Amino acid sequence: MLAFVALAVLAFLALLVLSTGRRSARLLLPDPNGYDDFIKASGAAVGDVANWFALDQDGLRGLVSANAEALRLFRLGLTRQCSLPTDSAMTNLSGMLHDFASLKRLAQLLAAEAQLREMDNEPARAALIYAEVVHFGNELSRGGFLINRLVGIACESIGCGPLAKLVPRLKSDEAHSVITELQKVDSARVTWDEVRRNENRFCRYQMGKSFNPIAWGMTWWQRWRSMQQAAVKHKQVMAHERLLMTELALRCYRSEKSHLPARLDELVPGYLSNVPQDPFSGRPLIYRPQGKNWLLYSVGLDGLNDGGKPAGRGPSTKGDLFYDSVW
């Protein structure tokens, strides 16, 4: 009986959302659209890209050389405004899902190119390529639904993890270039409000295809839970990228001035355009100078300052996030 009442309430709420939701105007797409270039690049990719990590230096060089055209198209797309064709994606969901695997291969192809540069002892070039992967993940999410943002986050993680490992190897001038690229991504980041609006449009479209209030209620509940979980991942990737750029800025400052800043705002404007905010607290990232070194962290998923105690892995873990935290 209680279950029936709960479903009835959810159905009523879903019906209310469907009937009162503001109908969005048809979205205008950029012309040219970088998303089209990404699709072309994914179609041009050849070879066993998914297993790039198993290749030796010669194998990576052959893979990268064979994909010169795919890489050209990819980088062309990064120079243009980008948006998923939202309206057509709503009516052709299977086509959009089919594109996901190919688009993720592009991120893997870039990772292969970056790994090759590392093997060639060119960490600065590798770092900039990883920053391109981060940029790609953000642009891949633009105009998209929840699932697009999750794919974008997965692509960003392909760039973030290896980039964090390169941080100690970058010289000051090389780090400045990476900071610039990461700041560009952060300043044009796809917001969670945009993702939520697009997901609500998609949900209303799907529910409007048939009259089934009980199914509407169950769908609304499942999507609400999925949105809550994905919002945490969205904040997590933001925190890692902001920690990365701030860590690089601190290293540049110490290298060039032979001492540490007392506060993060001393990095502005010479090293950062603004003091990065912690997406989990809404306040600046926590910075504590400690002699010649420092602590820099986000309060992490639990929203609490644990004094720099590293967090473990998992959605409910306690502890703080660092630029090189595993996630």
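The values are calculated or read from the model by the stated rules, or taken from the named source; none is laboratory data. For clarity, every value in this text was computed on a predicted model and none was experimentally measured. All Cβ positions, glycine included, derive from the backbone under ideal geometry; neighbour counts span all protein chains shown. With ligands, DNA and RNA removed, areas are computed over all heavy atoms of the protein, side chains included. Shrake-Rupley method; radii C 1.70, N 1.55, O 1.52, S 1.80 Å.
Set side by side, the residues Ser94, Ser83 differ, and just one is more than 28 Å from Gly62 (Cβ to Cβ) and in contact with a Phe, Trp or Tyr (Cβ under 9 Å, 6 or more places away or on another chain), which is Ser83. Taking the residues in the range 225-269 that are open to solvent by 30 Å² or more (accessible area, probe 1.4 Å) and among the hydroxyl-bearing types (Ser, Thr, Tyr) as candidates, determine which candidate is nearest to Glu194 (Cα to Cα). Looking at residues that are open to solvent by 30 Å² or more (accessible area, probe 1.4 Å) and among the hydroxyl-bearing types (Ser, Thr, Tyr), I get Ser226. Of note, Asn138 does not satisfy the criterion of being free of Cβ contacts under 8 Å to residues at least 12 places away in the same chain and among the polar types (S, T, N, Q).
Per the listing Asp320, Asp302, the residue uniquely in contact with a Gly (Cβ under 6 Å, 6 or more places away or on another chain) and either among the charged types (D, E, K, R) or over 27 Å from Val195 (Cα atoms) (or both) is Asp320. Of the residues examined, Thr79 is one that is closer than 20 Å to Glu139 by Cα, open to solvent by 30 Å² or more (accessible area, probe 1.4 Å), out of contact with any helix residue (DSSP H, G or I) (no Cβ under 6 Å at 6 or more places or on another chain) and among the β-branched types (Val, Ile, Thr). Scanning the range 253-266 for residues that are assigned to a helix (DSSP H, G or I), at pLDDT 95 or above and in contact with a Lys or Arg (Cβ under 9 Å, 6 or more places away or on another chain) turns up at least one hit. The single condition among (1) surrounded by 14 or more Cβ atoms within 10 Å (Cβ to Cβ); (2) β-branched (Val, Ile, Thr); (3) without any contact (Cβ under 8 Å) to a residue 40 or more places away in the chain that Val190 does not meet is (3). Examine the range 270-285 for a residue that is part of a loop (DSSP other than H, G, I, E, B), open to solvent by 40 Å² or more (accessible area, probe 1.4 Å) and touching a residue at least 40 places away in the same chain (Cβ under 8 Å), and state whether such a residue exists. Yes, the range 270-285 has at least one match. Looking at the range 165-179 only, could you name the residues that are under 17 Å from the mean Cα position of the chain (by Cα) and more than 21 Å from Leu140 (Cβ to Cβ)? Hit for the range 165-179 is Ile179, nothing else.
Report the residue count in the range 134-177 for those that are assigned to a loop (DSSP other than H, G, I, E, B) and either acidic (Asp, Glu) or touching a Phe, Trp or Tyr at 6+ places or on another chain (Cβ under 9 Å) (or both). Number of matching residues: 3. Contact map, the range 304-327: residues that are at pLDDT below 85 paired with residues that are open to solvent by 30 Å² or more (accessible area, probe 1.4 Å) and of a type in the set (A, V, I, L, M, F, W, C), Cβ distance under 7 Å, separation 6+ or inter-chain. Pairs shown: Arg313/Val326; Arg313/Trp327; Pro315/Val232; Pro315/Leu301; Thr317/Leu301.
Note on the range 295-327: residues that are over 20 Å from the mean Cα position of the chain (by Cα), part of a strand (DSSP E or B) and crowded, with 16+ Cβ neighbours inside 10 Å amount to 1.
A quick yes/no check of all residues on (1) of a type in the set (Phe, Trp, Tyr); (2) touching a strand residue (DSSP E or B) at 6+ places or on another chain (Cβ under 8 Å):
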position: Pro261; (1), (2): no, yes
position: Leu264; (1), (2): no, yes
position: Val275; (1), (2): no, yes
position: Pro279; (1), (2): no, yes
position: Asn293; (1), (2): no, no
position: Tyr297; (1), (2): yes, yes
